4 protein chains.
Amino acid sequence: MTRSAIIEQISAFMNEKIPFQKDLGIEVTQFNSQQSEVRFHWKESLIGNSPMQILHGGVTATALDTAGGVVIMASVIDKLSDDASLEKVVERISRCGTIDLRVDYVRPGRGQEFIATATIIRSGNKVAVARMEMHNEDGMLIAFGTGTYIVG
Amino acid sequence: MTRSAIIEQISAFMNEKIPFQKDLGIEVTQFNSQQSEVRFHWKESLIGNSPMQILHGGVTATALDTAGGVVIMASVIDKLSDDASLEKVVERISRCGTIDLRVDYVRPGRGQEFIATATIIRSGNKVAVARMEMHNEDGMLIAFGTGTYIVG
Amino acid sequence: MTRSAIIEQISAFMNEKIPFQKDLGIEVTQFNSQQSEVRFHWKESLIGNSPMQILHGGVTATALDTAGGVVIMASVIDKLSDDASLEKVVERISRCGTIDLRVDYVRPGRGQEFIATATIIRSGNKVAVARMEMHNEDGMLIAFGTGTYIVG
Amino acid sequence: MTRSAIIEQISAFMNEKIPFQKDLGIEVTQFNSQQSEVRFHWKESLIGNSPMQILHGGVTATALDTAGGVVIMASVIDKLSDDASLEKVVERISRCGTIDLRVDYVRPGRGQEFIATATIIRSGNKVAVARMEMHNEDGMLIAFGTGTYIVG
């Protein structure tokens, strides 16, 4: 299986087989070790502050953690040998995990669509750190985040 | 309306009217400025790592942020005068919000039930800080968290 | 006293009258609500890892917290009326303080000079959040940081 | 060299040979993988807020990071074989380093003596997480912290 075929399969896996992300409607729209991106649309079920009609802080945290995890996984795959099998790739990325996460809420979570992007700021064999941002469709910055991940 | 009647109404509100928490099955089980607690049960839809069958980090972040928010709101209500109307109370607590959240993931999120507790470590008129922990039903510590909240 | 005279006095105050910053050799080189900057030079007394000859993590934390505090104070001064006296300004900024700080160490602290810059990502009447970065004289990124500050 | 002789030598090394800690007067008073402790005394040169006479936030961050590093190093030494030479021990612990540090400032840093303690909340072969607290001599809690460390 070629590298790009593997990346396609993993992307599909992440969009279809991770129940919590699927439930929220989070879709991986860039799966790349340079920069990754996930998106989701506003819906009633994501509200955390009903009187104010704003996203739950946990939704934002989920989107940021997901974007960070995606860029980390893309970077882990980059470092595997070209002939790594799909099973090997899945085995490696399923051992990745978040060690710690910080979210800075900048503005109330309002909008039609939300875009969370992530880049790696520290890359290593054991641990990697990603920086994330979430904007809405108007380019308004909603939140920043930083995640430290074990890269297994 | 008495203070305890108001607290009961707000608890009911938090359990029924916050879509994202209802979706996850998060229930407020202690609503108190000394210590607050929320609980939820394991279900497939909360999985983030399918091969490993563990909770999504965003679920844990949501539970911790919710527990922190509850203890902060309880403390805001404590400081209101005894004859504050329900409307006044709702208006005040809907202006509370998370400024930043940090989560330390200690162990994989596995279990039947998850219990997140929160206490206040810094209390002020403008900003308050809560510390949170999430255990499973066996008392295994899954995650720690700290949240800084604006108290409106 | 004009606004620019006040800013000059406060800058001088920060460079001369804050013992810990003076001890480390931290100098405020930009004092501005848009972006602030502090600098310091390598010296033996700042080492934390002797075998590796790298800065103590606490030095980096100090520089980032200082840069963040400076941009926050500049923004507080910006919001005061033009005829605020020096006493009033000092009184207001001495009530500012760090609520929480996160530092991400990206590379070992090595170099001749270190430059920490800060910008505000959330500005409010009660609380403000700043983002910081520290580079060495070659433009190598040493650390990132985020600080949440009470703005008195 | 026996294990306890090595620990004594490493303690002495940390108290004498780390310039920044020596400068601040930070002394390792417990060097143990269960709980570690460092202490320092108030002195003028540690002030960050002159009008209010309180410690610089960077001093607190330094003490917490140091306490966290000490408990991590103690745990790394615990895992080495009993006949590891002093050189081997120094080589291993000099590869430990802070990945990220979070500090929550709870009360103004005032007192005669400050005691920072640390325990490990996540232990691993690649990365470990420590929780820290700093009190003054009256038992007043000044700050909390969490540090994520690479354990080489």
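In what order, largest first, do C:Arg107, A:Arg122 sit by accessible area if the probe radius is 1.4 Å?
Numbers: C:Arg107 100, A:Arg122 50 Å².
Sorted by accessible area, descending: C:Arg107, A:Arg122.
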Tabulate in residue order the Karplus-calculated ³J(HN,Hα) for the stretch B:75-92, using 6.51 cos²θ - 1.76 cosθ + 1.60 with θ = phi - 60°, rounded to whole Hz; enter x for Gly and Pro.
-> 6, 5, 5, 3, 8, 6, 5, 4, 9, 4, 6, 4, 4, 4, 4, 4, 4, 5
Kirkwood Rh and Cα Rg combined as Rg/Rh, the protein assembly as shown = 0.96
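Report in % the part of the accessible area of the stretch A:3-150 that belongs to carbon and sulfur, leaving out ligands and nucleic acids; probe 1.4 Å. Please report the intermediate quantities before stating the final value.
Numbers: 2660 of 5560 Å².
The C+S portion of the solvent-accessible surface of the stretch A:3-150 is 48 percent.
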Please give the helix A:3-16 orientation as an angle from the longest Cα principal axis of chain A, in degrees from 0 to 90, rounded to the nearest 10.
-> 40
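What FRET efficiency, computed as 1/(1 + (r/R0)^6) with R0 = 25 Å and r the Cβ-Cβ distance, is obtained for C:Arg107 and C:Glu44, rounded to the nearest 0.05?
Details: r = 20 Å, r/R0 = 0.80.
Efficiency computed from Cβ-Cβ geometry: 0.80.
Once Rh for the stretch D:45-85 is found with the Kirkwood sum over Cα pairs, what is the Stokes-Einstein diffusion coefficient at 10 °C and 1.306 mPa s, in µm²/s? Numbers along the way, then the final one.
Values: Rh = 12.4 Å.
Translational diffusion coefficient: 128 µm²/s.
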Rounded to whole angstrom, the alpha-carbon centroid of the stretch C:62-98 lies from that of the stretch A:59-137 at a distance of 36
Are there residues in the stretch A:80-123 whose accessible area shrinks by at least 20 Å² when all protein chains are included rather than the chain by itself, and which are they (probe 1.4 Å, ligands and nucleic acids not counted)?
-> A:Ser94, A:Thr98, A:Ile99, A:Asp100, A:Leu101, A:Arg102, A:Val103, A:Asp104, A:Tyr105, A:Val106, A:Ile121, A:Arg122
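Among the listed pairs B:Lys88/B:Lys126; A:Lys88/A:Lys126; A:Lys17/A:Lys126, which have their C-alpha atoms separated by more than 20 angstrom in this model? Could the numbers behind the result be given before it?
Values: B:Lys88/B:Lys126 18 Å; A:Lys88/A:Lys126 18 Å; A:Lys17/A:Lys126 26 Å.
Long pairs (Cα-Cα over 20 Å): A:Lys17/A:Lys126.
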A:Asn32 long-range amide H proximity, modeled H, under 5 Å = A:Glu37
Each residue of the stretch C:51-59 in order: what ³J(HN,Hα) in whole Hz does its phi give by Karplus 6.51 cos²θ - 1.76 cosθ + 1.60, θ = phi - 60°, with x for Gly and Pro?
-> x, 9, 6, 10, 3, 5, x, x, 5
Can you give the accessible area buried between chains A and B, summed over both chains, with a 1.4 Å probe, in Å² to the nearest 100?
-> 2700
Can you list the equivalent-ellipsoid semi-axes of the stretch C:1-79, largest first and in whole Å, using the square root of 5 times each Cα gyration tensor eigenvalue?
-> 28, 12, 8
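Using a 10 Å cut-off around each Cβ of peptide A:44-57, what is the average number of partner chain Cβ atoms that fall inside?
Values: counts 3, 5, 3, 7, 10, 9, 9, 7, 3, 0, 2, 1, 12, 15.
Shielding by partners across A:44-57 averages 6.
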Accessible area (Å², per residue) of the protein assembly as shown, counting only protein heavy atoms and a probe of 1.4 Å | 38
All alpha-carbon distances of chain C, grouped into 5 Å bins from 0, give the whole-percent distribution 2, 10, 20, 22, 20, 13, 8, 4, 2, 0, 0
Whole-Hz Karplus couplings 3J(HN,Hα) for the stretch D:138-152, θ = phi - 60° and coefficients 6.51, -1.76, 1.60, Gly and Pro as x, run 8, x, 6, 6, 9, 7, 10, x, 9, x, 10, 10, 7, 10, x
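The values are calculated or read from the model by the stated rules, or taken from the named source; none is laboratory data. Note that the coordinates shown come from a computational prediction; the quantities given were computed from them, not determined experimentally. We place every Cβ from the backbone using ideal geometry, glycine too, and count neighbours over all the protein chains shown. Side chains are part of the model used for accessible areas, which takes the heavy atoms of the whole protein and leaves out ligands, DNA and RNA. Shrake-Rupley method; radii C 1.70, N 1.55, O 1.52, S 1.80 Å.
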